[in-house]
Amino acid sequence: MVRDVDESYPVGITGEEVAEYVTKAKAEGYSDLIGEDDILITGDTVVILDNQILEKPANNDEAVSMLKRLSGRSHIVASGIAVSTLENGEINTICEVDTCEVHFEELSDKMIRHYIEIYKPFDKAGSYGVQDLIGYVGVKEIKGSFYTVMGLPVHILHRMLESL
């Protein structure tokens, strides 16, 4: 089930704090569905360049602009992950954020246009998915977990689930 969850965040929080805030908001947005034996997993990913968050692009022009800004540079990806359970009638949510640094190759205008036309990255923070064409040819190096860049830091999720 997909719900519209408000992904806006308070003015004044930045970077990792945004990933944590929105991850928790998503957990709250689905909390009414949790039963006694259920586990709810939510997450959010933000792309940070020059201390600015690159949101999901609203249109083609924004996607082009973001990818041009990322081209040939390094940026930070922060992915939040939350696990919620119902314990004695109370919802318990634990949340963690993982970060990594991503280095992009120079991206040609032709590559950027092709990528946007074919992959339509309008649902992706920073206008790209590391698991598709940009990841294959544009990502030069990742310092941290590939899965964090993808949006699901599975090594953290595993630890969180083990703690249950």
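Below is a table of values for the structure above.
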| quantity | calculated |
| --- | --- |
| Qualifying lysines (Cα of each under 19 Å from Cα of Lys68; at least 8 residues distant if same chain) | Lys56, Lys110, Lys120, Lys124, Lys140 |
| CD proxy at 222 nm, helix term only [per DSSP H run n ≥ 4: -39500 (n - 2.57); per residue of the chain; nearest 500] | -10500 deg cm²/dmol |
| Fully extended contour minus Cα-Cα distance, from Ile118 to Glu55, at 0.36 nm per residue | 20.7 nm |
| Environment charge at Asp38 (Cβ cut-off 12 Å; Lys +1, Arg +1, Asp -1, Glu -1) | -4 |
| Förster radius 22 Å - calculated FRET efficiency between Val2 and Gln131, Cβ distance, rounded to 0.05 | 0.65 |
| Sorted by Cβ density within 10 Å, fewest first, the residues Asp123, Asp132 | Asp123, Asp132 |
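Computed from the coordinates by the stated procedures, all read-outs in this text should not be read as laboratory data. Just so it is clear, the structure is predicted and the values come from calculations on it, not from any experiment. Please note: Cβ atoms are built from the backbone with ideal geometry, for glycine as well, and neighbour counts cover all protein chains shown.
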